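As structure tokens, the structure follows; a few thoughts come after it.
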Amino acid sequence: MKDRSQRLLEDKEAAEAKYQAKRKELKEVEKRLISLMSNSETEKAVLNQKFANLEQEREKLIANYEAEINHLRDNNEHLTKGLEDNKVSNAYSYEQLRRELDNSSTEL
């Protein structure tokens with residue numbers, strides 16, 4: 001009977017030691033999980049901020065490009081109008097010179 005109770009006591013102590021080891025191992029795993037989750041949350045926040053900054057920069061670039069396009073379009077329209085005005089003016093000058101030449105050749 002004494003051997004049996006001694007064996008049961010040893011089995012109990014061995015089971016208790018095994019339980020404590022597993023418990024300690026579980027706590028280590030929980031610590032690592034908490035640390036990993038904390039790191040991932042921090043990384044997620046950093047990435048979200050970077051994304052927001054990039055989106056803001058993209059919006060600024062789009063606005064700048066649109067303003068530049070509008071500016072170039074306005075310049076193009078202005079230059080096209082100036083070219084057309086010059087064509088008309090040149091045609092008028094050409095006609096005047098041709099008439100003067102015709103008049104001077106008839107006078108001769």
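Taken together, the values in this text are just the output of simple stated rules run on the coordinates, not laboratory data. Just so we're clear, the structure is a prediction, and the values are computed from it rather than from any experiment. Because the Cβ atoms are built from the backbone with ideal geometry, glycine has one as well, and the counts that use them run over all protein chains shown.
Some notes on this structure:
- Extension gain, Leu72-Glu95: 0.36 nm per intervening residue step, less the Cα-Cα distance, totals 4.9 nm.
- P(r), alpha carbons of the chain - 10 Å bins starting at zero, rounded %: 11, 12, 11, 9, 9, 9, 8, 7, 6, 5, 4, 4, 3, 2, 1, 0
- Among the lysines of the chain, pairs at least eight places apart or on separate chains and with Cα atoms under 23 Å apart come to 9.
- For the range 14-68, the list of chymotrypsin sites (Phe, Trp or Tyr not before Pro) that fall in a loop by DSSP and count at most 12 other C-beta atoms within 10 angstrom is empty.
- Distance between modelled label sites at Gln49 and Asp11, nm, 7 Å Cα→Cβ extension: 5.9 nm
- Of the residues Ala45, Asn90, Ile69, the one whose Cα sits farthest towards the positive end of the charge dipole of the range 1-103 is Ala45 (charges of +1 on Lys and Arg Cβ, -1 on Asp and Glu Cβ, taken about the Cα centre).
- log₁₀ of I(q)/I(0) at q = 0.19, 0.28 Å⁻¹ - the range 63-104, Debye sum with one point per alpha carbon: -0.64, -0.85
- Helices in the chain, meaning DSSP H runs of at least 4 residues, each add -39500 (n - 2.57). Divided by all residues, the mean residue ellipticity at 222 nm is -38000 deg cm²/dmol.
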